[in-house]
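The values are calculated or read from the model by the stated rules, or taken from the named source; none is laboratory data. Everything numeric in this text was worked out from a predicted model, so none of it was measured. Cβ sites come from the backbone with ideal geometry, for glycine too, and all protein chains shown count toward neighbours. With ligands, DNA and RNA removed, areas are computed over all heavy atoms of the protein, side chains included. Shrake-Rupley method; radii C 1.70, N 1.55, O 1.52, S 1.80 Å.
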Amino acid sequence: MDLKQKIQQLKKEKKAIILAHNYQRPEVQDIADYTGDSIELSLKAMNEKDAELIVFSAVDFMAESAAILNPNKKVLLPSLGARCPMAQMLTVDEIKRAKAKHPDAPVVLYVNTLGSCKAEADICCTSANAVEVVQSLKADTVLFGPDMNLADYVAEKTGKTIIPIPSHGFCPTHLLFQPEDVQVQKIAHPKAVVLVHPECTKEMRAVADFIGSTSKICKFAKASTAKEFIVGTEEGILHRLRKENPTKKFYPAYEGAICPNMKLTTLDRIYVSLKEEKHLVTVPEAVAKKARASLERMFEVKS
């Protein structure tokens with residue numbers, strides 16, 4: 001048997017499912033039971049009643065969210081080094097300091113945070129529903145972390161005062177995109193529609209025809225009558241876009257926009273993790289209970 005066949009066999013034996021984020025390597029996406037954004041995948045795991053083991057091919061905070069939402073299932077992270085730099089930028093102490101300074105402001109945390117931080121949030125959000133989550137709150141001033149660019153985007157869309165925590169939080173990969181790269185691609189592909197993730201800078205968002213999360217970008221591309229697209233998010237999503245839209249063309253807004261942490265998951269690491277049930281993701285129950293509440297509140301908001 002080749003490696004893919006061995007993984008499939010192990011998966012059946014252990015009643016496991018493999019989840020892969022949109023930014024994963026093509027071969028990892030192809031072997032996964034589900035490909036999507038972080039919360040889509042955690043919800044899939046919740047709905048898979050027969051699965052006992054979840055192999056989450058992504059980064060740390062996503063696997064933690066799956067463990068928090070699926071307390072009766074084992075969640076494995078194939079590569080321990082797959083940590084989200086943005087998630088590391090926000091600490092519990094920072095949230096507490098911001099709360100002390102703005103006691104009446106609710107705390108909205110992007111799911112790209114560690115479980116210990118989610119436990120301090122009033123409600124979580126994704127890049128797909130951040131605007132709706134903030135709009136659902138009565139407060140005019142909101143503490144929002146950890147991505148300053150998403151915070152800025154939410155402020156533009158809601159008209160509310162959004163205080164970013166920390167003030168400098170960002171995604172290193174999305175910060176690589178520059179408007180001039182889009183201009184170069186536009187010269188080569190003048191009819192291409194520009195799709196940009198809200199983690200990009202304000203300058204990048206200004207040149208976009210559509211701004212949305214990875215799931216929304218995929219939906220937009222599928223529904224659009226356009227035949228060419230310039231994509232301003234991590235290049236892993238191009239594999240899914242091309243697979244789902246074989247008659248359309250997709251070009252990266254910047255070819256160097258690769259998240260090295262997302263690419264740490266390989267078929268070899270999935271196989272070892274599955275075989276040895278290695279790198280079990282655990283969240284202390286007291287933390288998980290509070291974090292679960294902030295995630296469940298998010299699910300109540302219609303996107």
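For the chain, what does the helix formula give at 222 nm: sum of -39500 (n - 2.57) over DSSP H segments with n ≥ 4, over the residue count, nearest 500 deg cm²/dmol?
Roughly -12000 deg cm²/dmol at 222 nm, from the helical runs in the chain.
How far, in nm, would the chain grow between Leu80 and Leu3 when pulled straight, counting 0.36 nm per residue and subtracting the alpha carbon separation?
Length gained, Leu80 through Leu3: 25.6 nm.
Please express the Cα-Cα pair-distance distribution P(r) of region 90-216 as a list of whole percents, one per 10 Å bin, running from 0 to the bin with the greatest distance.
Here the calculated profile for region 90-216 is 13, 43, 29, 12, 4, 0.
Classify region 35-130 from the C-alpha gyration tensor, please: rounded if a/c falls under 1.5, else prolate or oblate depending on whether a/b exceeds b/c.
Taking the square roots of the gyration eigenvalues as a ≥ b ≥ c, region 35-130 is prolate.
So, for the chain, what is the accessible surface per residue at a probe of 1.4 Å, expressed in square angstrom?
44 Å²
Can you bin region 235-277 into rounded, prolate or oblate? Criterion: square roots of the alpha carbon gyration tensor eigenvalues sorted a ≥ b ≥ c, rounded for a/c under 1.5, prolate for a/b above b/c, oblate for the rest.
Because a/c hits 1.5 or more and a/b fails to exceed b/c, region 235-277 counts as oblate.
Using only alpha carbon pairs under 8 Å that are at least six residues apart, calculate the relative contact order of the chain and give it in whole percent.
So the answer I get is 23 percent.
Take the alpha-carbon centre of region 248-303, take the same for region 128-159, and report the distance between them in whole Å.
22 Å
Any idea how far apart Lys249 and Leu280 come out in nm if each label point goes 7 Å out from Cα toward Cβ?
Here the answer is 5.2 nm between the modelled labels.
Which residues does the label zone of Phe299 cover in region 94-129, counting backbone N under 20 Å from a point 7 Å along Cα→Cβ?
Within reach of a label on Phe299, which here means backbone N under 20 Å from a point 7 Å along Cα→Cβ, region 94-129 contributes 108-129.
Can you give the relative contact order of region 186-303 as a percent, counting alpha carbon pairs under 8 Å and 6+ residues apart?
18 percent
Does the chain come out rounded, prolate or oblate, given a ≥ b ≥ c as the square roots of the eigenvalues of its C-alpha gyration tensor, rounded meaning a/c under 1.5 and, failing that, prolate meaning a/b above b/c?
oblate
Please calculate the 1.4 Å probe accessible area of Val281, with all protein chains present, and give it to the nearest 10 Å².
30 Å²
So how much slack lies between Arg242 and Lys186, counting 0.36 nm per residue of separation and subtracting their Cα-Cα distance, in nm?
Result for the pair: 18.2 nm of gain on full extension.
Apply the Karplus curve 6.51 cos²θ - 1.76 cosθ + 1.60, θ = phi - 60°, to the phi angles in region 205-221 and return the couplings in whole Hz, x for Gly and Pro.
Those phi angles translate into 4, 5, 9, 7, 8, 8, 10, x, 5, 4, 5, 6, 4, 5, 5, 4, 4 Hz.
Which percent of the accessible area of the chain is formed by carbon and sulfur heavy atoms (probe 1.4 angstrom)?
In the chain, the share of accessible area belonging to carbon and sulfur is 51 percent.
So if I take the centroid of the Cα atoms in region 55-99 and the same for region 174-245, what is the distance between those two points in Å?
So the separation of the two Cα centres works out to 27 Å.
Roughly speaking, what is the stretch gain from Ala226 to Thr161, that is 0.36 nm per residue apart minus the C-alpha to C-alpha distance, in nm to one decimal?
19.8 nm
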